[in-house]
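One structure is given below, encoded as structure tokens.
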Amino acid sequence: MTADQEWEHPPAARERPEEDPEAVARAVCLRMLTGAPRTRAQLERALARRGIPEEVAETVLGRFGEAGLIDDAAFAEAWVDSRHAGRGLGRRALAAELRQRGVADETVREAVEELTPEQEEATARRLVRRRLDATRGRPVEVRVRRVMGMLARKGYSAGLAYRLVREELEAVEEELAGFEPPDLD
């Protein structure tokens, strides 16, 4: 049983099947929200797995939403900020992760649009520099392939990735072209 499943299926609730479904739904949602922010869809799935009737789940989730405990827009905005800054993910990867968590397309679009093209490019450029530094000494083809693959996995467009890799490799070549070794004689 995973940690999420333990939160969704606490031993006390499993032992009391006669308990009020609404009370069980509230308890499940509160436990899950205590651990980490969740989307409405994640909570709906957890309640469905617990066998909570759909109308009871809708009622409880509606109340939690009115109280501000469930806010998919705030979740999406925080997710974009966190995952872009922490993992360097691009818009495409961020959107895919949010959709996987059940966030509505319009909410995903709005959250991802908060990430400016300049922010996305600056983050991608830092990733390119870091990967190029890590692959120093390898053939250029290998370095380019590894950097391009990493950026693709992180959700950056091929055009942006190619442009940044080319620019950073040219910058490295210019640095080396201006380098004159000291006279050791």
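The values are calculated or read from the model by the stated rules, or taken from the named source; none is laboratory data. Nothing here was measured: the structure is a model prediction, and the numbers come from that model. Cβ placement follows ideal geometry from the backbone for every residue including glycine, while neighbour counts extend to all protein chains displayed. These accessible areas exclude ligands, DNA and RNA; they are computed on the full protein's heavy atoms, side chains included. Shrake-Rupley method; radii C 1.70, N 1.55, O 1.52, S 1.80 Å.
So the values come out like this:
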quantity: When residues of the stretch 137-176 are limited to those that are assigned to a loop (DSSP other than H, G, I, E, B) and of a type outside the set (Gly, Ala, Ser), the one surrounded by the fewest Cβ atoms within 10 Å (Cβ to Cβ); calculated: PRO139
quantity: Residue match in the stretch 3-16 (condition: open to solvent by 70 Å² or more (accessible area, probe 1.4 Å), aromatic (Phe, Trp, Tyr) and either modelled with pLDDT under 95 or in contact with a Lys or Arg (Cβ under 9 Å, 6 or more places away or on another chain) (or both)); calculated: yes
quantity: Residues that are part of a helix (DSSP H, G or I) and open to solvent by 50 Å² or more (accessible area, probe 1.4 Å), drawn from the stretch 49-68; calculated: ARG49, GLU54, GLU55, GLU58, THR59, ARG63, GLU66
quantity: Residue that is most open to solvent (accessible area, probe 1.4 Å), among those in the stretch 89-136 that are of a type in the set (Val, Ile, Thr) and either within 18 Å of ARG166 (Cα to Cα) or in a helix (DSSP H, G or I) (or both); calculated: THR107
quantity: Scan of the stretch 22-38 for residues that are open to solvent by less than 50 Å² (accessible area, probe 1.4 Å) and under 18 Å from GLU55 (Cα atoms), ordered by number; calculated: GLU22, ALA23, VAL24, ALA25, ALA27, VAL28, CYS29
quantity: Residues located in the stretch 115-162, provided they are in contact (Cβ under 8 Å) with a residue 24 or more places away in the chain and among the hydrophobic types (A, V, I, L, M, F, W, C); calculated: LEU115, ALA124, LEU127, VAL128, LEU132, VAL140, VAL144, LEU151, LEU160, ALA161
quantity: Counted residues, the stretch 21-48 - those being assigned to a helix (DSSP H, G or I) and either under 20 Å from PHE75 (Cα atoms) or within 24 Å of the chain's Cα centre (by Cα) (or both); calculated: 17
quantity: Filter result (part of a loop (DSSP other than H, G, I, E, B) and either under 18 Å from ALA25 (Cβ atoms) or of a type in the set (Ser, Thr, Tyr) (or both)) within the stretch 69-88; calculated: LEU69, ILE70
